[in-house]
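A short worksheet on the structure shown next.
The values are calculated or read from the model by the stated rules, or taken from the named source; none is laboratory data. Everything quoted here is computed from the prediction, not taken from an experiment. Quick reminder, even Gly has a Cβ in these numbers, built from the backbone with ideal geometry, and neighbours come from all protein chains shown.
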Ligand code: PRF
Ligand code: ZN
């Protein structure tokens, strides 16, 4: 059996090229994890997600506990079997989704009680049952149960929130059932306050997680502030474990965070944007709903290998969007996931070659050009 492990293969400044070994396969880092909230990367067959180069996807405790239910997923053989994704899966622990998706909720030391956004039924999430649900889902990587501190926030409130998350992290760690090739990540909180981030890291280190996430960012503070928090936080993080920046982000967020030493990312942006006709290209974003594409016979991005770019014109993609045909969102989702995976592949190659600084310069110059 493979143990869960992480190896740093090369560095370029603070950036790292690495490899994670899991029970469900290897993950080359820096990695982007497409979001498969309810047990599907919306609009894509799993084999096509894999064909873009994606090695791990994300699932959500909150959604899956409500529908179809954790016990049912377990009876169906776990998330990998149920959705036909044999590769690694990371599941988020649920607290963040409760806070962003439910109106009626109550937080106590014990956990969070809330009403389902689907049928209004009452549920409770605690560090113990979140960890147990993730076990039943068969998550390769389980996340500790935390509170994502809202922004902006006073330091005193941020400190209380972070300390609650650290008590929950300890309870999550105690509830985790170790299995060969499986791991659990702790989540650093502390908002934009360096001393609180440091205290959070110190407390998590005592629990010796298999990896460490940075939570509570990309919540409205802006890219400059997020990078400033990473600049003060990253040097304090364990170097021998993977580091995951939760819910990030735009391509430029990812590039800046890789430069600062982050190894893992997830974000709904490529999939959600694909469903609203927004495409990511080397020259920035393109809205395929725009009438300027009506007669455009060129591909969306001539340097992209995905089917949307290889086999179809911008004019046809525009037509599909206008006609509200489901192939439109499907092709744009595929393209966006391919674009993100190509970016990660290029970042890994640049770290390996020791040319990350030049890569970042070229990336920014290209993005600034804008679509033709
Ligand atoms: N905590 C958890 N999930 C998250 C976040 C967090 O802070 C964020 C913040 N960007 C996204 N997803 N558990
Ligand atoms: Zn493409």
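Which residue out of 23, 50 is surrounded by fewer than 22 Cβ atoms within 10 Å (Cβ to Cβ), at pLDDT 95 or above, under 17 Å from the mean Cα position of the chain (by Cα) and within 23 Å of residue 142 (Cβ to Cβ)? Let's see the steps before the verdict.
Details: 23 fails: under 17 Å from the mean Cα position of the chain (by Cα).
50 is the lone residue from the list that is surrounded by fewer than 22 Cβ atoms within 10 Å (Cβ to Cβ), at pLDDT 95 or above, under 17 Å from the mean Cα position of the chain (by Cα) and within 23 Å of residue 142 (Cβ to Cβ).
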State yes or no: is residue 294 farther than 22 Å from residue 20 by Cβ, surrounded by fewer than 21 Cβ atoms within 10 Å (Cβ to Cβ) and free of Cβ contacts under 8 Å to residues at least 40 places away in the same chain?
yes
Could you please find all residues in segment 282-307 being in a loop (DSSP other than H, G, I, E, B), in contact with a strand residue (DSSP E or B) (Cβ under 9 Å, 6 or more places away or on another chain) and more than 13 Å from ligand 2 (Cβ to nearest atom)?
289
Listed residues 330, 344; which is more than 14 Å from ligand 2 (Cβ to nearest atom) and either in contact (Cβ under 8 Å) with a residue 60 or more places away in the chain or part of a strand (DSSP E or B) (or both)?
344
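Residues checked against (1) more than 23 Å from residue 90 (Cβ to Cβ); (2) touching a residue at least 12 places away in the same chain (Cβ under 8 Å); (3) under 22 Å from the mean Cα position of the chain (by Cα); (4) more than 15 Å from ligand 1 (Cβ to nearest atom):
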{"position": "177", "(1), (2), (3), (4)": "no, yes, no, yes"}
{"position": "184", "(1), (2), (3), (4)": "no, yes, yes, no"}
{"position": "187", "(1), (2), (3), (4)": "no, yes, yes, no"}
{"position": "191", "(1), (2), (3), (4)": "yes, yes, yes, no"}
{"position": "195", "(1), (2), (3), (4)": "yes, no, no, yes"}
{"position": "215", "(1), (2), (3), (4)": "no, yes, yes, no"}
{"position": "226", "(1), (2), (3), (4)": "no, yes, yes, no"}
(1) at pLDDT below 95; (2) within 16 Å of ligand 2 (Cβ to nearest atom): which one isn't true of residue 117, the others all being true?
(2)
Here the qualifying pairs (Cβ atoms under 7 Å; residues six or more apart or on different chains; first in segment 276-289 and closer than 10 Å to residue 367 by Cα; second assigned to a strand (DSSP E or B) and at pLDDT 95 or above) come out as 285/278; 285/279
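Please verify whether residue 281 is within 22 Å of residue 49 (Cα to Cα) and touching a helix residue (DSSP H, G or I) at 6+ places or on another chain (Cβ under 8 Å), treating the condition exactly as stated. It would help to see each step written out before you state the result.
On the way: within 22 Å of residue 49 (Cα to Cα): yes; touching a helix residue (DSSP H, G or I) at 6+ places or on another chain (Cβ under 8 Å): yes.
Taking the combined requirement at face value, the residue satisfies it.
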Can you pull out the residues in segment 9-48 that are touching a strand residue (DSSP E or B) at 6+ places or on another chain (Cβ under 6 Å) and outside any strand (DSSP E or B)?
36, 37, 41
Search result, residues across segment 308-319 that are within 14 Å of ligand 2 (Cβ to nearest atom) and farther than 21 Å from residue 54 by Cα:
311, 312, 313, 314, 316, 317
Can you name the residue in segment 309-318 that is part of a helix (DSSP H, G or I) and touching a residue at least 12 places away in the same chain (Cβ under 8 Å) and is also farthest from ligand 1 (Cβ to nearest atom) among such residues?
315
Report yes if some residue within segment 237-254 is within 13 Å of ligand 2 (Cβ to nearest atom) and either touching a helix residue (DSSP H, G or I) at 6+ places or on another chain (Cβ under 8 Å) or free of Cβ contacts under 8 Å to residues at least 24 places away in the same chain (or both); otherwise report no.
no
